[in-house]
Amino acid sequence: MDIKEIRKDFPILENRKIAYLDSGATTQKPVQVIKTIEEFYQKYNANPHRGAYLLSMEATEAYENTRTKIAKFINAKHREEIIFSKNATESLNLIAYSYGIENLNKDDEVVLSIMEHHSNLVPWQSITKKTVSKLNYMYINDEFEISDEEIESKITDKTKIVGITHISNVTRNNK
């Protein structure tokens, strides 16, 4: 599939020559998602898991079916592994303040790339301070990549959490 075909799925990007790299804050939705959201609002708009009336039960079924579809799509072992949140920031805070605060100890390490958005940096700064664990950073080379050597030197037996962005909106290749 080429880039023009992909852009057709994203109405906001289809006729613009831009690369949108701020998905950690706001993700552009493909037309399939927009249509599904519209269908939910038209047919199922009620609180899932909150009522015994027909619309709530239908909303719950749609919600849980989505969890099952996503689990299958990403090859999760169990549908219960899928957790919905509003955005990446909320998800990262949830991981840090639930898993991190309970499982990190004095000799443990958290390793992040130097390119992390604040949504992945600030929670780990706070958690490592509270748990007296250590926060280490992987640095990028002149090609804006984390080298194999950097990974091998920073991720050790003491590393309990690794957080690396896939694409960063804070770096730019000026070459």
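Contact annotation: residue pairs with Cβ atoms under 6 Å, 6 or more positions apart or on different chains, pairing a residue in region 140-156 that is without any contact (Cβ under 8 Å) to a residue 60 or more places away in the chain and within 16 Å of VAL111 (Cβ to Cβ) with a partner that is open to solvent by less than 60 Å² (accessible area, probe 1.4 Å) and not in a loop (DSSP other than H, G, I, E, B), are ILE146/SER113; ILE146/MET138; GLU150/MET138; LYS154/VAL111; LYS154/ASN136; LYS154/MET138; ILE155/VAL111. Pairing residues of region 1-26 that are within 27 Å of ASN93 (Cβ to Cβ) with residues that are in a helix (DSSP H, G or I), at Cβ distances under 7 Å and at least 6 apart in sequence or on separate chains, gives GLY24/ALA88; GLY24/SER119. Could you tell me whether region 116-133 includes any residue that is over 22 Å from the mean Cα position of the chain (by Cα), open to solvent by less than 80 Å² (accessible area, probe 1.4 Å) and either free of Cβ contacts under 8 Å to residues at least 60 places away in the same chain or over 27 Å from ALA19 (Cα atoms) (or both)? Yes, region 116-133 has at least one match. The number of residues in region 1-19 that are of a type in the set (D, E, K, R) and assigned to a loop (DSSP other than H, G, I, E, B) comes to 5. The set of residues in region 108-133 being out of contact with any Lys or Arg (no Cβ under 8 Å at 6 or more places or on another chain) and farther than 17 Å from ILE167 by Cα consists of VAL122, PRO123, TRP124, GLN125, SER126, ILE127, LYS129, LYS130.
The values are calculated or read from the model by the stated rules, or taken from the named source; none is laboratory data. Given the structure is predicted, the values throughout are model-derived calculations rather than measurements. Quick reminder, even Gly has a Cβ in these numbers, built from the backbone with ideal geometry, and neighbours come from all protein chains shown. To get the accessible areas, we keep the full protein, side chains included, count just its heavy atoms, and leave off ligands, DNA and RNA. Shrake-Rupley method; radii C 1.70, N 1.55, O 1.52, S 1.80 Å.
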